[in-house]
Amino acid sequence: MVLLAWSVTAAWAGLQGARRLPVDPMAQLDAEFRPFAGLLPATGTVGYLEQFDNAGTDDAQRMHYAAQYSLAPLVIERRTGAEFVIVARGTERPGGDERLNGYRQIAYLPGEHRLFRRTP
């Protein structure tokens, strides 16, 4: 009985400790972008919509680097014009973004990232 109580107490303490661990933002972004891999070609170039405002912030850079890391060997370029364009959360201009004219949305992921494809 003592062994069972000790096991339950140890498991509970482990769960509580795991909840307090800091969240790694790059690991979280990697998990958010990785599902795009099944929707994109295995190699080539994919566009990436730059933030409409403050494109050089640390958060904007981190998001782009995470997309590049998660989808390698694809090259993720900060531009439109490619067949596919990733629109990370917070990068599109509110109320519509003319940079996405000629594209249609084909995927929406739980991390609020979207994938667009150029329309013929």
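FYI, it's all coordinate maths here, none of it is from the lab. These numbers were taken from a predicted model, which means no experiment stands behind them.
In whole Hz, what ³J(HN,Hα) sequence does the range 93-104 give by Karplus (6.51, -1.76, 1.60; θ = phi - 60°), x for Gly and Pro?
5, x, x, x, 10, 4, 5, 9, 4, x, 10, 10
Under the Karplus relation 6.51 cos²θ - 1.76 cosθ + 1.60, θ = phi - 60°, what is the ordered set of whole-Hz ³J(HN,Hα) values for the range 64-74, x standing for Gly and Pro?
5, 4, 5, 4, 4, 5, 5, 10, 4, x, 4
Report, by chain and number, residues whose modeled amide H sits under 5 Å from the one on Thr45, excluding near sequence neighbours (fewer than 5 apart, same chain).
When sequence neighbours closer than 5 places are left aside, the close amide H contacts are Val75.
Using only alpha carbon pairs under 8 Å that are at least six residues apart, calculate the relative contact order of the range 63-120 and give it in whole percent.
On the way: 57 pairs, mean separation 19.8, N = 58.
Normalised by residue count, the contact order of the range 63-120 is 34 percent.
Using θ = phi - 60° and the Karplus form 6.51 cos²θ - 1.76 cosθ + 1.60, what ³J(HN,Hα) does each residue of the range 109-116 get, whole Hz, x for Gly and Pro?
Coupling constants for the range 109-116: 9, x, x, 6, 8, 10, 10, 10 Hz.
Taking N as the number of residues in the range 54-120, what is its Cα Rg relative to 2.2 N^0.38 Å?
Values: Rg = 11.8 Å, N = 67, 2.2 N^0.38 = 10.9 Å.
Normalised Rg, Cα atoms only: 1.09.
Restricting to Cα pairs below 8 Å that are 6+ residues apart, what does the relative contact order work out to for the range 24-118? Please round to a whole percent.
On the way: 148 pairs, mean separation 30.9, N = 95.
Reported as a whole number, the value is 33 percent.
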